[in-house]
Amino acid sequence: MEILIIIVAAVVGLALGFAIAKMLEKKQASNTIASAKKEANSIVKEAKAEGESIKKDKILQAKEKFIELKSEHEKVILSRDKKIGDAEKRIKDKESHVSNELSKNKKLNKDLEGKLADYNHRVDYLDKRQEEIDKLHNSKVQQLEVISGLSAEDAKAQLIESLKDTAKADAMSLIQDTVEEAKLTAQQEAKKIIINTIQRIGTEEAIDNCVSVFNLESDDVKGRIIGREGRNIRALEAATGVEIIVDDTPEAIILSCFDSVRREVARLSLHKLVTDGRIHPARIEEVVKKTRKQIEEEIIDIGKRTVIDLGIHGLQPELIKMVGRMKYRSSYGQNLLQHSREVAKLCGVMASELGLNPKLAKRAGLLHDIGKVPETETEVPHAILGMQWAEKHGEKPEVCNAIGAHHDEIEMNSLLSPIVQVCDAISGARPGARRQVLDSYIQRLKDLEEIAFGFGGVKKAYAIQAGRELRVIVESEKVSDDKAANLSFEISQKIQTDMTYPGQVKITVIRETRAVNVAK
């Protein structure tokens, strides 16, 4: 019975607790809703106030913008009104000016009409007077014919003959005096022009040697350049055709070759190899091949810079390349490009002094020795060869004749030809400009190489050691070992028969077999 009472009491307690909790929860919810309503009302009030302020600001901004646009519009209208007023004023001024001019023209027309009537009256009077004078002249002529016994035509003929004889005598005397004076002053004037031309051109003495010095940072590099048992230096000599002299000279290697192009290729190749550090035969051949292409591009750039410096325009690309190639050629020891530039400047100055076209003279002076830079040797004189090239590439006849006639191979038919000939002599005759012995020496080395190329199977031929050795590289497919020995003997016999030279010439024939495959 007590347990039942306890259970009933517990149930009643739970029911009361639940009812109280519900009442508290309901009260709290009503409080939350009331506070939320208050907060919402305050937010709405704030939003309305803020909206009103924004609205007022926007209205003020709109009014200010309207006022600003209105003022700008009024300014535009005022400026247009001002322009229209100015235009109307100008039109009125022009109308008044035109009316004044019309009134002046009317007065002038009246004056001209009066003067024209007076002129016509005077012309009629002069015509009448001329008729009277002609009648009087005819009567006088008839009287003279009766007195002299000659007609007017016969008298006129006698007078003309006498005047002719007198004029001829006077003219011959004047011509003789002029010729004598020209003979006395021509040589003096010519010397004056030449001296002025030489003084106005500043030049350098340019002597090309057959040796270049390649400087090294240290002597340790020499061993790497020579390679094991000299294989690197042999590969470099075979690839470039330049003799490389490694001696006791500190931090320097000497490159010896008569051909300055080969020497420059060898110098640049050595510089690249030493800078890169990888020096072996395969790398040497690769670098030499790239350097040759670089030199060809440099030749074109040199030609372009030269024609731009001299102010010569419209030169064909092939002629520009020939001009650039002159840098690596010499004439009697004088650098060919410097010589041609000097001749071009001399020709320009001399042509200006004589009243001729200086640009055309410069063109002829620059191109006069292009026949000295053929890619293959030829028996045609360089002046004729240069003239043929100039004609082929569309140069003017005066320029072509000046090129071909500067050594008297053909007849001169323009005033540019003697100018180019004289300027060529001036440039070459300066003290120290040329060395005759060097040119004959270089020609002998070229002849040595040409003899080797005359035999079959020869791939390359290089004259080295000042012409004391001829190194011949043959194609292994065409020339066997036995034929290589015979080829060396045949070349030596040919040199003995066809050439004159001091001392002895050693002929070395090199035959190399290579097997090349590519792994893919």
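A few remarks follow.
- Hits among lysines - C-alpha to C-alpha of K327 under 24 Å, sequence gap 8 or more where chains match: K272, K289, K290, K293, K304, K345, K359, K362, K372, K392, K446, K460
- For the chain, the alpha carbon convex hull comes to 562 Å³ per residue, rounded to a whole number.
- Packing, taken as the mean count of other beta carbons within 10 Å per residue, orders the peptides 237-244, 452-459 from highest to lowest as 237-244, 452-459.
- Note that the chain presents 68 Å² accessible area per residue, ligands and nucleic acids not counted, probe 1.4 Å.
- Calculated P(r) tail over 12 Å for segment 252-303, as whole % of Cα pairs: 65 percent
- Angstrom value of the Kirkwood radius, inverse mean 1/r, which spans all Cα pairs in segment 23-104: 19.7 Å
- Between the amide H of A252 and those of L216, distances stay under 5 Å, these residues lying 5 or more places away or on another chain, with hydrogens modeled in the peptide plane.
- Candidates T497, I464, S476 compared by Cα position along the dipole of segment 457-503: farthest toward the positive end lies I464, with charges placed on Cβ.
- For the chain, the residue among G428, H313, V12 whose Cα projects farthest onto the positive side of the dipole built from Cβ charges is V12.
- Of S35, S427, the order by accessible heavy-atom surface (1.4 Å probe, DNA, RNA and ligands excluded), from most exposed downward, is S35, S427.
- Sorted largest first by accessible area at a 1.4 angstrom probe radius, with every protein chain in place, the residues M23, M499 fall in the order M23, M499.
- Per-residue surface analysis assigns L60 an accessible area of about 100 Å², computed on protein heavy atoms at 1.4 Å probe radius.
- Counting protein heavy atoms only, the chain has 56 percent of its accessible area on carbon and sulfur, 1.4 angstrom probe.
The values are calculated or read from the model by the stated rules, or taken from the named source; none is laboratory data. Just so we're clear, the structure is a prediction, and the values are computed from it rather than from any experiment. Here Cβ is always computed from backbone atoms with ideal geometry, including for glycine, and neighbour counts include all displayed protein chains. In case anyone asks, the SASA skips ligands and DNA or RNA and just uses the protein heavy atoms, side chains included. Shrake-Rupley method; radii C 1.70, N 1.55, O 1.52, S 1.80 Å.
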